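Here is the structure we will look at.
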Amino acid sequence: MTSCHTPSAISSALKTTAPKAQSALPDALVNFDSQPDSAYVRQPVVQGLFACSSATVWRMVKRGTLPAPRKLSERVTAWNVGALRQALAAAVI
């Protein structure tokens, strides 16, 4: 009797899903430390930095714990990397 939860089945499942999990991270998040302070990043990067949902990002902006984003065009909103670094430093206790 075979089971789908055998070690080899789990191992092969992890091998097939691991690259997908790595590629799910935005490049700007992976390379955040190398971005200049004048750069801008989109909302998925902010969500990754603060480990929160989209709704929480906007609640944090409303509360003032996260800097307000800048509207770069009609459909593009982004956050300044330097301002996000300051918010991250302020969040650390």
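Tabulated data for the structure shown
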item: Lone unmet requirement of (1) at pLDDT below 95; (2) among the small types (Gly, Ala, Ser); (3) part of a loop (DSSP other than H, G, I, E, B) for Ala68; result: (1)
item: Residues being more than 8 Å from the chain's Cα centre (by Cα) and in contact (Cβ under 8 Å) with a residue 12 or more places away in the chain - total across the range 39-63; result: 5
item: In the range 48-60, the residues that are modelled with pLDDT of 95 or more and either crowded, with 16+ Cβ neighbours inside 10 Å or of a type in the set (Lys, Arg) (or both); result: Val57, Arg59, Met60
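The values are calculated or read from the model by the stated rules, or taken from the named source; none is laboratory data. Given the structure is predicted, the values throughout are model-derived calculations rather than measurements. So basically every Cβ, Gly included, is an ideal-geometry build from the backbone, and we count neighbours across all protein chains shown.
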